[in-house]
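Okay, structure first, notes after.
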Amino acid sequence: FNVAWREFVTEIKPGISAFVGVCPHFTQILQDAGFQTVKVGEEPWMNLEDCIPRGNAGKGVRSARNQALLAGLRVEEWNSQDILASEDKKRTLLEIFAEWKSARIVHLSGFLNASDVLAHSADRRYFILRSRERVEAFLIASPVPAGNRFFLEDLLARNHVPRGTGELLTLEAMVALGSSGVKQASLGVVSMATMDAKAAHCLPGPVRFLLLTIPRVLASIHNFN
């Protein structure tokens, strides 16, 4: 890294440089190179042998899941080959995707926010949530090359789905992945979950207010942790 960084600085001469979304090992390398690091989020990795939340922290998730079950919602897995061979199944997924997009004023479609429900389908796993009338939502799990792990990548639902849709779909997908031998699943990055006040003390006041003070206030409304 040090050799590559010196070459980069010599050629580009950057004024301000930032690395966003780095792993703990690379964080240490950056600190050794003189970079300041600020933790603004965390990516939870769930051990699938014990993925049902327990205690008070998971009470809301369990309650929502139970409400979804009582409402008659059920989760099943669609084989990717069956999806590609069935126009009805492809149409259903694309219809839900379009409905989900239409409900958002701003749609970020680039880089990490890109969504293509049928891309690389041979490697991905599709979990479908049904009500008594129709398919309400689906979740796509993509394999992570390092280790026997999956990333719960896209959870897309129709407008006005029953309460507990996301909780039931996520938990049932993790249980199914675990039953097939998958060890861990990532739920994606949770922003503002664990801002480090010590690391943020050197930042300008407005930046500290944005990354530290506002999340603390919002924590009383939304349970980041």
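Looking only at the stretch 131-188, residues that are without any contact (Cβ under 8 Å) to a residue 40 or more places away in the chain, farther than 20 Å from E42 by Cβ and not charged (D, E, K, R) come to 10 in all. When restricted to residues that are touching a Pro at 6+ places or on another chain (Cβ under 6 Å) and exposed (fewer than 14 other Cβ atoms within 10 Å of the Cβ), the stretch 117-171 contains 1. The helices (runs of 4 or more DSSP H) falling completely within the stretch 69-181 that include 2 or more residues that are within 30 Å of V20 (Cβ to Cβ) and of a type in the set (A, V, I, L, M) map to 165-179.
Every residue in the stretch 43-60 that is within 22 Å of the chain's Cα centre (by Cα) and open to solvent by 80 Å² or more (accessible area, probe 1.4 Å), please. Break it down stepwise before answering.
As a first pass, look at the stretch 43-60 and keep what is within 22 Å of the chain's Cα centre (by Cα): 43-54, 57-60.
Of everything in the stretch 43-60, those that are within 22 Å of the chain's Cα centre (by Cα) and open to solvent by 80 Å² or more (accessible area, probe 1.4 Å) turn out to be N47, E49, D50, R54, A57, K59.
Close contacts from the stretch 21-34, counting a first residue that is under 18 Å from R6 (Cα atoms) and a second that is open to solvent by less than 60 Å² (accessible area, probe 1.4 Å) and in a helix (DSSP H, G or I), with Cβ to Cβ under 9 Å and a gap of 6+ residues or different chains, come to A33/W5. Within the set G34, G60, the sole residue that is within 30 Å of L171 (Cβ to Cβ) and out of contact with any helix residue (DSSP H, G or I) (no Cβ under 7 Å at 6 or more places or on another chain) turns out to be G60. Among the residues of the stretch 1-32, the one identified as open to solvent by less than 50 Å² (accessible area, probe 1.4 Å), modelled with pLDDT of 90 or more and assigned to a loop (DSSP other than H, G, I, E, B) is P14. Sub-9 Å Cβ pairs linking a first residue in the stretch 62-73 that is closer than 11 Å to E136 by Cβ to a second residue that is open to solvent by less than 60 Å² (accessible area, probe 1.4 Å) and β-branched (V, I, T), at least 6 apart or interchain, are A68/T165; L73/V161; L73/T165, ordered by first then second residue. Of all residues in the stretch 61-87, those satisfying the criterion of being open to solvent by 50 Å² or more (accessible area, probe 1.4 Å) and closer than 20 Å to S115 by Cα are E77, N79, Q81, L84, E87.
The values are calculated or read from the model by the stated rules, or taken from the named source; none is laboratory data. None of the values given here were measured: they were computed from a predicted structure. In this analysis, Cβ positions are derived from the backbone assuming ideal geometry, glycine residues included, and neighbour counts consider all displayed protein chains. Calculation scope for accessible area: heavy atoms of the full protein, side chains included, ligands and nucleic acids excluded. Shrake-Rupley method; radii C 1.70, N 1.55, O 1.52, S 1.80 Å.
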